[in-house]
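*Asks:* Handing you this structure, nothing more for now.
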Amino acid sequence: MEALKLKIFDVLTEKIAVSQFENWLYSSEYINQKIKADSLFFNIININYREAKSIKELKEITASIFTDEELLVVKLLQNCIKIKNAEASKNIKKSVVGIISDFDYYTELNPFWEFYDVYNSYEYFEDEYTSEKDIDIKLKGIAISVITKFESAKSIEESIELLKQIEENSTEQKNNLNSTDSSLKNTVNEKEYTFIQKIFAFFKKI
C-alpha cells in the first residue's frame, strides 16, 4: 500500500505524469494481489486516465488513505502549480485563495505566511506604489520556490518535514504582519498629505 500511496502522491503533485502513473499501475505486482480483494484499488483501476477529470477522481477516491498533513501538501503543491502556469491575474488569485483558505494565524508553516502576506497587497495595488502585475510576479515567484523546494523530497514523510520547516524569516513575518499593513497604510496617508500640500501651494500662487 505504501508504494501505491507514494505513486498517487507523486501524480497528484505532478512529480510524475498521469501516463507514467497509469503504466506503473497496470504493471505493478500489486494489481494481481489486490484488485479483487481491495475495493479501493479496484476503484483506482477503474478510473479512465485519458479523461481530464481523472486526477480529481483519483484524489477524491484516495483521500481516505492520506493524513490531513499529507493532503495539505497535496493541496499546496497543486495550487502552486496552477499559480506557476496561470496567465490571468484572476486565476492566480483563485489559486492563492485555495492556499490561504487553510491559513492559520498561529501556524509556523512559512509558505502559507508568504502567500498570505503578499496576497494582502492586492488591497493596496490601486494606490500607485505597487501594481497588480508586480503582485502576480511575486506570487508566481513564491509558488515556484515552493515547488522547487518540494522536488527534493524522496518520500511523503520528507514532504511533511519540508512543510514543517521553519525558515529564519517565518517568525519575523508572523510578528511583523500587522506592522507591514500599518506601513502600507502610512504610505497612503503620506501620499494624501503630499497631495494636500500641493493643493495649498497651488492656491497660494493664485
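The values are calculated or read from the model by the stated rules, or taken from the named source; none is laboratory data. This one's a predicted model, so the numbers in the text were calculated from it and none came from an experiment. When we count neighbours, we look across all protein chains shown, and the Cβ atoms used for this are built from the backbone with ideal geometry, even at glycine.
*Asks:* Kindly list, by first and then second residue, each pair from a residue in segment 138-166 that is of a type in the set (A, V, I, L, M, F, W, C) to a residue that is outside any helix (DSSP H, G or I) and buried (at least 16 other Cβ atoms within 10 Å of the Cβ), limited to pairs with Cβ atoms under 7 Å and residues at least 6 apart or on different chains.
*Replies:* L162/A153; L163/L109
*Asks:* Can you give me the ranges of the helices (runs of 4 or more DSSP H) entirely in segment 10-84 with at least 2 residues that are modelled with pLDDT of 90 or more?
*Replies:* 18-27, 54-62
*Asks:* Can you tell which of S159, S121 is of a type in the set (G, A, S), in a helix (DSSP H, G or I) and at pLDDT below 80?
*Replies:* On inspection, the qualifying residue turns out to be S121.
*Asks:* Right, E87: assigned by TED's automatic domain parsing to the domain that holds D136 and assigned to a loop (DSSP other than H, G, I, E, B) or not?
*Replies:* Considered against the rule, which asks whether it is assigned by TED's automatic domain parsing to the domain that holds D136 and assigned to a loop (DSSP other than H, G, I, E, B), E87 comes out as yes.
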